[in-house]
Amino acid sequence: MRGKPRIAIVGPGNLGTALADSLHGAGYEIDAIVTHSPSSLRRARKLVGQFDCRALGYVFEARADLVWFCVPDSAIDGAARVAAREGRWQGRIALHSSGALTSDELDALRPRGAYVASVHPLMTFVRGSSPSLRGVPFAIEGDAVAVRVARKIVRDLGGRAFDIRKSDKTAYHAWGTFASPLLTALLATTERVAEVAGVSRRDAARRMMPILRQTLANYENFGPAAGFSGPIIRGDAQTVRKHLGVLRKNPRAEKVYRALAEAALEYLPAKNKKVLKQLLNSFRG
């Protein structure tokens with residue numbers, strides 16, 4: 001495939017919209033935004049003027065050289081089966097962006113002559129945000145032809161492509177889940193702990209931003225061990241005991257604290273480890 005392929009995006013959700021925006025900015029022609037959902041079709045039509053493309057209800061109407069499926073994981077196989085029954089697929093590229101599923105979700109298109117791959121950006125996408133993909137890692141696996149095309153697209157987006165084995169996709173996705181959704185869950189728990197201290201969640205979110213930013217900067221610049229601070233690294237069992245005591249006002253937060261403290265004792269430097277482990281065990285049950 002010479003030059004930049006024309007691309008159809010199937011599913012104008014948070015990821016599909018951000019991807020279309022980045023592709024358009026990198027000089028790729030967005031041929032169509034494809035959706036079967038009435039609500040998504042309204043969103044797709046809003047994008048038509050931005051990308052000078054068409055809003056379609058069927059993949060086979062697209063003239064694209066490459067079709068990028070950005071539908072939920074549970075819908076990829078079904079969307080591929082529907083698409084395989086319609087239109088021309090010989091020599092076409094089909095990609096999906098699931099982090100957990102492999103390129104085999106697009107198996108229905110292979111007998112029709114398509115080359116398929118999974119291409120997942122390690123990035124978070126939420127409504128109202130269109131993050132830059134510059135510097136973002138993309139995990140890629142699939143047919144050699146599709147992988148080659150995908151790697152070029154990722155380079156044009158300013159991303160960083162890397163190969164992943166099919167057998168590693170689930171663990172890879174769990175890693176990404178720790179890095180963003182579960183980190184957000186931790187921050188939501190942190191707001192509840194602030195309430196125990198008499199600080200509203202709204203104020204807590206605002207007041208803890210400086211320490212959060214510095215913690216991430218320390219992690220990036222020095223790594224987890226050198227960026228670790230607080231009572232555990234000092235071996236301050238008395239303070240940890242007080243924390244666990246007051247957190248009984250929020251039992252779920254106490255469990256999160258204990259689990260993270262145990263992880264810290266396993267993976268990070270700390271003094272007085274034996275005493276701290278015994279202390280944490282004494283608060284179970």
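Yes/no matrix, rows are residues, columns are (1) of a type in the set (A, V, I, L, M); (2) within 17 Å of the chain's Cα centre (by Cα); (3) at pLDDT below 95:
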site	(1), (2), (3)
ARG63	no, no, yes
ASP73	no, yes, no
GLY87	no, no, yes
ARG92	no, no, no
LEU122	yes, yes, no
VAL126	yes, yes, yes
Flagged in segment 232-278 as on the phi < 0 side of the Ramachandran plot and either outside the structural domain of THR189 (by TED's automatic domain parsing) or not in a helix (DSSP H, G or I) (or both), in numbering order, are ASP236, ASN250, LEU268, PRO269, ALA270, LYS271
Does at least one position in segment 126-141 carry a residue that is touching a strand residue (DSSP E or B) at 6+ places or on another chain (Cβ under 6 Å), assigned to a strand (DSSP E or B), touching a residue at least 40 places away in the same chain (Cβ under 8 Å) and not β-branched (Val, Ile, Thr)? yes
query = Do the conditions hold for ARG201, that is, is it without any contact (Cβ under 8 Å) to a residue 24 or more places away in the chain and in the same structural domain as LYS277 (by TED's automatic domain parsing)?
reply = yes
Checked VAL147, VAL154 against criteria (among the β-branched types (Val, Ile, Thr), in the same structural domain as SER74 (by TED's automatic domain parsing) and closer than 14 Å to VAL67 by Cα); the one match is VAL147
Across segment 58-90, the tally of residues that are under 15 Å from ILE7 (Cβ atoms), touching an Asp or Glu at 6+ places or on another chain (Cβ under 8 Å) and not basic (Lys, Arg) stands at 3
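Being out of contact with any Cys (no Cβ under 6 Å at 6 or more places or on another chain), free of Cβ contacts under 8 Å to residues at least 40 places away in the same chain, in the same structural domain as GLY158 (by TED's automatic domain parsing) and at positive phi is true for just one of GLY25, GLY78, GLY87, GLY57. Which residue is that?
Numbers: GLY25 fails: at positive phi; GLY78 fails: at positive phi; GLY57 fails: at positive phi.
Answer to the check: GLY87.
For segment 144-157, indicate whether the set of residues that are acidic (Asp, Glu) and buried (at least 18 other Cβ atoms within 10 Å of the Cβ) is non-empty.
Within segment 144-157, the first condition is being acidic (Asp, Glu), and the residues that meet it are 156.
Okay, now just the ones that are also buried (at least 18 other Cβ atoms within 10 Å of the Cβ), so none.
Checked segment 144-157: no residue is acidic (Asp, Glu) and buried (at least 18 other Cβ atoms within 10 Å of the Cβ).
The values are calculated or read from the model by the stated rules, or taken from the named source; none is laboratory data. This is a predicted model, so every value here is computed, not measured. Cβ: placed from backbone, ideal geometry, glycine included. Neighbour counts: every protein chain shown.
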